[in-house]
Amino acid sequence: MKASKDIARLIEIMAALRDPVSGCPWDIQQDFQSIKPYTIEEAYEVADAIERHDMDDLNDELGDLLLQVVFHARMAEENGDFAFGDVVQAITQKMIRRHPHVFATSSANTAPGVKIQWEEIKAQEKAERAARRRERGLETDKTVGLLNSVPQALPALTEAIKLQQKAAQVGFDWSEAEPVLAKIEEELGELREALQLGDEAKVKDEFGDLIFALVNLGRHLGTDPEMALRGTNRKFRDRFSHIENELEKSGESLQEATLDRMENLWSDAKNR
């Protein structure tokens with residue numbers, strides 16, 4: 001079998017890998033739950049390639065992510081639920097429906113107007129999806145509340161931002177960043193009190209509140225907390241690597257170096 005730019009070839013490859021008789025033993029054993037972590041990992045690797053502006057890696061990582069979609073679709077097809085073509089049809093139908101200002105007639109011709117229209121159409125789709133679930137005898141109560149549309153499986157920082165954005169749609173939000181700063185100071189004080197009491201459960205709770213408030217600040221500053229933290233992580237990697245390199249040049253090891261020595265090299269890395 002040869003490589004191809006046609007998506008049909010990738011679908012054929014996945015079908016061959018999942019063949020119960022001649023397929024790959026590892027691929028045959030997988031299910032939705034076992035593949036889920038890889039799907040999340042591949043999405044993060046796509047984000048990493050974008051952050052590094054590495055187009056060669058991005059090309060490769062997008063392929064890995066596409067493979068995850070094909071993998072899930074193949075398992076669903078085997079179960080008689082849906083196939084890859086159904087996935088494509090669903091997303092094309094959704095995009096056409098959500099962009100009537102492009103594919104049909106619509107009065108929305110500004111970014112704010114388009115956003116309002118987008119949310120209205122999403123609400124219609126949500127109601128239709130709930131109706132279909134009721135027809136199949138599936139539970140629908142979990143999809144009723146405003147915040148229940150935010151998946152709990154999201155990374156915690158991303159989930160926090162989406163919860164705050166949803167609440168902001170109905171006016172439950174600060175109008176500017178300054179009150180959020182005051183809230184952060186309040187949460188920090190409560191964390192200090194919990195630490196003084198030595199209450200581990202309370203410390204955990206207040207620490208979470210502090211992070212949630214910091215996420216809220218990032219949202220008001222127009223800074224994605226996940227991306228901001230990724231930038232800080234890269235800085236930490238670079239500066240710690242500088243410490244290792246300088247110690248190696250001096251014939252020292254990390255285990256032998258004192259904290260003062262490492263802090264001096266850290267300051268040197270910051271200055272550079």
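The values are calculated or read from the model by the stated rules, or taken from the named source; none is laboratory data. Just so we're clear, the structure is a prediction, and the values are computed from it rather than from any experiment. Neighbour counts are summed over all protein chains in view; Cβ atoms, including those assigned to glycine, are modelled from backbone coordinates with ideal geometry. Protein only, heavy atoms only, side chains kept; ligands, DNA and RNA dropped before computing areas. Shrake-Rupley method; radii C 1.70, N 1.55, O 1.52, S 1.80 Å.
Structure above, values below:
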{"item": "Per residue, in Å², the accessible surface of the chain once ligands and nucleic acids are set aside, probe 1.4 Å", "result": "70 Å²"}
{"item": "Three-way shape call for region 154-250 based on the alpha-carbon gyration tensor, with the a/c threshold at 1.5", "result": "oblate"}
{"item": "Cα long-axis angle, helix 200-220 against the chain (0 to 90 degrees, to the nearest 10)", "result": "70 degrees"}
{"item": "Accessible surface of region 167-272, 1.4 Å probe, proportion on carbon and sulfur as whole %", "result": "51 percent"}
{"item": "Carbon plus sulfur fraction of accessible area for region 56-126, probe 1.4 Å, in percent", "result": "57 percent"}
{"item": "Binned Cα-Cα distances of region 42-85, short to long, each 10 Å bin given as a whole percent", "result": "31, 35, 23, 11, 0"}
{"item": "Extent along principal axes [Cα atoms of region 51-209; Å; largest to smallest]", "result": "59, 46, 41"}
{"item": "Candidates Val102, Val150, Val46, ranked by Gaussian network fluctuation over the chain, Cα under 10 Å, top entry", "result": "Val102"}
{"item": "Charge dipole magnitude, Cβ of K and R +1, D and E -1 - the chain, Cα centre, debye nearest 20", "result": "1260 debye"}
{"item": "Structure-based [θ]222 nm, the chain - -39500 (n - 2.57) summed over DSSP H runs of at least 4, per residue, nearest 500", "result": "-24000 deg cm²/dmol"}
{"item": "Mean Cα-pair separation over length for the chain, i.e. relative contact order, pairs under 8 Å, 6 or more apart, %", "result": "8 percent"}
{"item": "Largest to smallest principal axis extent of the C-alpha atoms in the chain, angstrom", "result": "63, 53, 42"}
{"item": "Cα-based shape type of region 217-272, given that a ≥ b ≥ c are square roots of the gyration tensor eigenvalues and the cut on a/c is 1.5", "result": "prolate"}
{"item": "Theoretical gain in end-to-end length, Ala83 to Arg136 [0.36 nm per residue, Cα-Cα removed]", "result": "17.1 nm"}
{"item": "Asn148/Val170 FRET efficiency (R0 22 Å; Cβ-Cβ; nearest 0.05)", "result": "0.95"}
